[in-house]
Amino acid sequence: MKIYLVGGAVRDKLLDRPIHERDWVVVGADEQQMRARGFTPVGKDFPVFLHPETAEEYALARTERKSGHGYGGFTVHAAPDVSLEQDLLRRDLTINAMAETESGELIDPYGGRADLDARLLRHVSPAFAEDPLRILRVARFAARYHHLGFSIADDTMALMQQMVEAGEVEHLVPERVWKEVSRALTEPDPDIFVRVLRQCGALKVLLPEVDALFGVPQPPKYHPEIDTGEHVLLALRAAPPDLPVRFATLLHDLGKGVTPEEILPSHRGHEVAGLPLVRDLCRRWRAPKQLTALATGVCEYHLHCHKAFELRPQTLMKVLRALDALRRPERFEQFLLCCQADARGRTGLENRDYPQVDYLRAVRTAAAAVSADDLIAQGYEGAELGKALDRARIQAIAGVKQRHIEIKDQNNDGGNGDA
């Protein structure tokens, strides 16, 4: 029995990056021997075990043979006679197909170290084409390492394009797609993930609503970048590395992809037109309910945020109510960050001031400070209590608006309300 450190831990060690988890391959052993040493079997589809002390994953060396479509269409063979080189050969990229002995010696049969130095993401073997999930993984690694100068090898991109054309991507199950998408959106350059999927043709299959945004014009007055798809990617870059915020930002302008051609480059009503598209996409890929709620809220109300200084107190209260802002302040904060990313996701305006965020925070704080207890003490109850509470909150919001107007007059400077 020989044990090797493999995969991401070896790669990131060579890149001098933090190692968050370690995976191990065991050569020359079977399940009975692993159990005898106290390892706990946990693999449903593959022979994977947890170490009795560290709880790290140890997998028996294995080979895989294509036996169907999609991520799960494989016949797995794990036995003591499977070599380390055979196990590494089945992996996706050369930079993930390296191993390290217990003494620290690097084992690199497929040129992973050279590709690390060359900053290349290259497939290990033609068997790459047997698993369509690898397209998403490569796009995710491109988003992770783009800032280090990594790019995808031409032959690997060509192979990914062939896989898409062969229809393999259509066999991916929602859970696997969502896992890769959600991880990719928190990488340093999430826009690169989208660009890679678009380049190989997978974006049109997996996220056609996003793919439809490219080539759709917007008014240059508000969007110097003009192209809606490019705007969304700029907004994605401007968003903080928070999955709900980035996911909602990615979907906030889906309605522009269905704008009637005769009214372009205007997009009147795109926020309402986008709602069914957002809901369908979230349902199709089984996005969590909280992320769906944020994404639909941003889609429908991001223009209200941009125009916050123009809105009446009654309308501002309506927005707070629609977004459930008083009960869910964390989600409202995420909504504001999405709108800020949208405002800054424009060529040349990446660092623009966006005072609407602080203004709407103050609006929410004022409304939330209104206490129902005071109104109950005054004798209000039932439906009348609800109406009185609403009136008091609107009055509190009006106070915030009035203070803003006074400060604006003093400074002779106001907010920006473009759409």
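A quick yes/no check of all residues on (1) surrounded by fewer than 12 Cβ atoms within 10 Å (Cβ to Cβ); (2) at pLDDT 85 or above; (3) touching a helix residue (DSSP H, G or I) at 6+ places or on another chain (Cβ under 6 Å):
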{"position": "L389", "(1), (2), (3)": "no, yes, yes"}
{"position": "I394", "(1), (2), (3)": "no, yes, yes"}
{"position": "G399", "(1), (2), (3)": "no, yes, no"}
{"position": "R403", "(1), (2), (3)": "no, yes, no"}
{"position": "D409", "(1), (2), (3)": "yes, no, no"}
{"position": "N416", "(1), (2), (3)": "no, no, no"}
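For residues that are hydrophobic (A, V, I, L, M, F, W, C) and free of Cβ contacts under 8 Å to residues at least 12 places away in the same chain, scanning just region 350-397, find the one that is farthest from F332 (Cα to Cα). Ranking the qualifying residues of region 350-397, first place goes to A377. Set side by side, the residues E56, E31, E21 differ, and just one is farther than 21 Å from S125 by Cα, in contact with a Lys or Arg (Cβ under 6 Å, 6 or more places away or on another chain) and not aromatic (F, W, Y), which is E56. Selection within region 113-127: residues that are modelled with pLDDT of 95 or more and crowded, with 17+ Cβ neighbours inside 10 Å. The member of this set that is nearest to L89 (Cα to Cα) is V124. Total residues in region 296-316 satisfying the condition of being closer than 26 Å to P244 by Cα and of a type in the set (S, T, N, Q): the figure is 2. Can you spot a residue in region 304-312 that is farther than 18 Å from R237 by Cα and surrounded by fewer than 14 Cβ atoms within 10 Å (Cβ to Cβ)? Yes: one or more hits.
For (1) surrounded by fewer than 17 Cβ atoms within 10 Å (Cβ to Cβ); (2) among the aliphatic types (A, V, I, L, M); (3) under 30 Å from P224 (Cβ atoms); (4) out of contact with any strand residue (DSSP E or B) (no Cβ under 8 Å at 6 or more places or on another chain), each residue gets a yes or a no:
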residue: Y354; (1), (2), (3), (4): no, no, yes, yes
residue: L360; (1), (2), (3), (4): no, yes, yes, yes
residue: A377; (1), (2), (3), (4): yes, yes, no, yes
residue: A383; (1), (2), (3), (4): yes, yes, no, yes
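Listed here are the residues, each with its yes/no results for (1) surrounded by 14 or more Cβ atoms within 10 Å (Cβ to Cβ); (2) without any contact (Cβ under 8 Å) to a residue 60 or more places away in the chain; (3) under 30 Å from V164 (Cα atoms); (4) not β-branched (V, I, T).
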site: Q32; (1), (2), (3), (4): no, yes, no, yes
site: P41; (1), (2), (3), (4): no, yes, no, yes
site: H51; (1), (2), (3), (4): yes, yes, no, yes
site: A55; (1), (2), (3), (4): no, yes, no, yes
site: R65; (1), (2), (3), (4): no, yes, yes, yes
site: L84; (1), (2), (3), (4): yes, no, no, yes
site: R90; (1), (2), (3), (4): yes, yes, yes, yes
site: M98; (1), (2), (3), (4): yes, no, yes, yes
site: G111; (1), (2), (3), (4): yes, yes, yes, yes
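Of the helices (runs of 4 or more DSSP H) lying entirely inside region 306-405, not one is found with 1 or more residues being in the same structural domain as L250 (by TED's automatic domain parsing) and at positive phi.
The values are calculated or read from the model by the stated rules, or taken from the named source; none is laboratory data. Please read all numbers here as calculations on a predicted model, not as lab measurements. For neighbour counting, all protein chains shown are included, and Cβ atoms are generated from backbone atoms with ideal geometry for every residue, glycine included.
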